[in-house]
Amino acid sequence: MTEYEKLVPPKRGKKITVKNGKWTVPDNPIVCWIEGDGIGPEISSVMRKVVDAAVEKAYKGKRKIEWFEIYAGNKARALYNPKVTDEQLKALSPQDQRKAYLPDDTLKAVREYHVAIKGPCETPVGKGFSSINVGLRQFLSLGVCLRPVWHIKGVPAPVNDPDAIDMVVFRENLEDIYAGIEAYPGSEQAKQIINFLRTEWKVPVDSESLRDSSGISIKPMSPENSKNLVRSAIEYAIKMKRHVVTICHKGNIMKATEGQFMNWGYEVAKEEFRNVIVTEEELNQKYGGDVKKAIADGKILVNDRIQDAMFQQVLLRPMEYEVLAMPNLNGDYLSDQLAAQVGGLGFAPGANLNDNIFFAEATHGTAPKHAGKNEINPGSIILSACLMLEHMGWGEASSIIRSAVSKTVESKKVTYDIARQLTPPVEPISTTKFSDEIIKNL
Ligand code: NAP
């Protein structure tokens, strides 16, 4: 039995269990939720109402989620460290700064209950702990970031054919330039690294690529994390009956990291999914380059693209891409571009996961200027809840939410962000009204 400092798990409901990769979800699972900061309270509360209504509708009372509130961000700080001032906090060790905003209780609860969903969290004041979101991913070893992107009919989009975009980004979550191994310009660490590179690696002292004044960020990439990511992408393609998995990388330049990412990706594909996949070379040899023939033969095409070309590909030839596997930074950029192509972050869902944990989240931030005004679009967290329901095997509830969101948007009952983009613009409705409309349309 896990001991918590402040949390009290719900009395009703049962734990989801995961054993040897097998998820067992009871009819009344306990699901953790984090409210979030800024607009977090507004969007999290309507998300839970929509999910509860959809589950009720889909399963006629046979299934029900028991929500378990856990804490991160400002609410955690107020609950766990009410008397610590900003100044005192800044003086704490990075670990204690982390605990102030991301208590051990929260990490324990997610490990114990396996499924969680969160609103956005503000980046805290201290320097030692960069972000609650990055912290959650790192402390819980959530190596995969899942960002599906598709167009909801009626959402104004900047491209001619947004409906051609139906892709799922798998972004590595734990390493790459995001590992947080950094030395600020002029710092003792930067001096040490620069000195090491000049003396041991013989980087010329007069190199304009490595100056005395340079800051340094380290980019580690490992076969373990890279293979895990590509494996997840291929497993997803198999499960969801997708036909193309594209490994995206900048391996032509960063050969020791992104080039290896591509090699490791192909290794996983060939070693673990040999009977299911074809590479582009094999596609040409066996199927005359015709992907439709390979698909008809039950194969998944695993190909690769250079990242910069990929930004163009998803704009000009979106129909050719389905599941995209990429390193951390590339994934961060491309998933936001794709979200913009279908109308913006307001309806962009996301989740972070590993074999034992599924953690859904709104992909946007705390939008402080909209906080407390009951005007923000709750679409991102509601659709993230759909990903969570699908992972739990409750696809019926997810489908009816997705349809209800589309129907609501098509009827032009939308929040300000969408209302202002419509031609002619329409009168926006509030966050709560919008979610009431979704519930009506379930
Ligand atoms: P942001 O909170 O995402 O907001 C930037 C702008 O995006 C908003 O002013 C709004 O634009 C639009 N927007 C965001 N969410 C929206 C929604 N649900 N519906 C409609 N429009 C939405 O980004 P930020 O201002 O850069 O960051 C604020 C804080 O959030 C920071 O502390 C940051 O660290 C944190 N953050 C957290 C997460 C996370 O928890 N996952 C992610 C990103 C940022 P308009 O005002 O033009 O309509």
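The values are calculated or read from the model by the stated rules, or taken from the named source; none is laboratory data. Model, not experiment: these values are computed from the prediction. As a convention, Cβ positions derive from the backbone with ideal geometry for all residues, glycine included, and neighbour counts pool all protein chains shown. Note: accessible area is taken over every heavy atom of the protein model, side chains too, but ligands, DNA and RNA are not part of it. Shrake-Rupley method; radii C 1.70, N 1.55, O 1.52, S 1.80 Å.
Quick look at the values:
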item	result
Dipole of the chain, positive end: most advanced residue of GLY21, VAL169, TYR333 [Cβ charges, Cα centre]	GLY21
Estimated 222 nm signal from helices in the chain, with DSSP H stretches of n ≥ 4 weighted -39500 (n - 2.57), rounded to 500	-12500 deg cm²/dmol
For segment 142-147, Karplus couplings with θ = phi - 60° (6.51, -1.76, 1.60), whole Hz, Gly/Pro x	8, x, 10, 10, 10, 9
Å² of accessible area per residue within the chain, as computed with a 1.4 Å probe and no ligands counted	46 Å²
Amide H contacts of ASP304 (H built 1.01 Å from N, under 5 Å, at least 5 apart or other chain)	ILE247
Along the chain, longest interval not containing exposed GluC sites (Glu not before Pro), exposed being DSSP loop plus at most 16 other Cβ atoms within 10 Å	209-442
Heavy atoms of PHE139: accessible area, 1.4 Å probe, square angstrom to 10	90 Å²
Per residue convex hull volume, Cα atoms of the chain, in Å³	176 Å³
Segment 32-43 - phi-based ³J(HN,Hα) in whole Hz, Karplus 6.51/-1.76/1.60, Gly and Pro as x	7, 9, 10, 5, x, 9, x, 7, x, x, 5, 7
Accessible surface, 1.4 Å probe, highest first, among residues MET254, MET167, MET319, MET262	MET319, MET254, MET262, MET167
Once the Cα gyration tensor of segment 13-157 is diagonalised, semi-axes √(5λ) in Å	30, 19, 16
For segment 265-279, 3J(HN,Hα) per residue [Karplus equation, 6.51 cos²θ - 1.76 cosθ + 1.60, θ = phi - 60°, Hz, x = Gly/Pro]	x, 5, 4, 4, 4, 7, 7, 10, 10, 3, 6, 9, 10, 10, 8
Area of ASP304 that stays accessible when all protein chains are in place (1.4 Å probe, Å², to 10)	40 Å²
Solvent-accessible surface (1.4 angstrom probe) belonging to TRP23, in square angstrom, nearest 10	50 Å²
Largest to smallest accessible area among ARG137, ARG48 [probe 1.4 Å]	ARG48, ARG137
Solvent-accessible ranking of SER222, SER44, largest area first, probe 1.4 Å	SER222, SER44
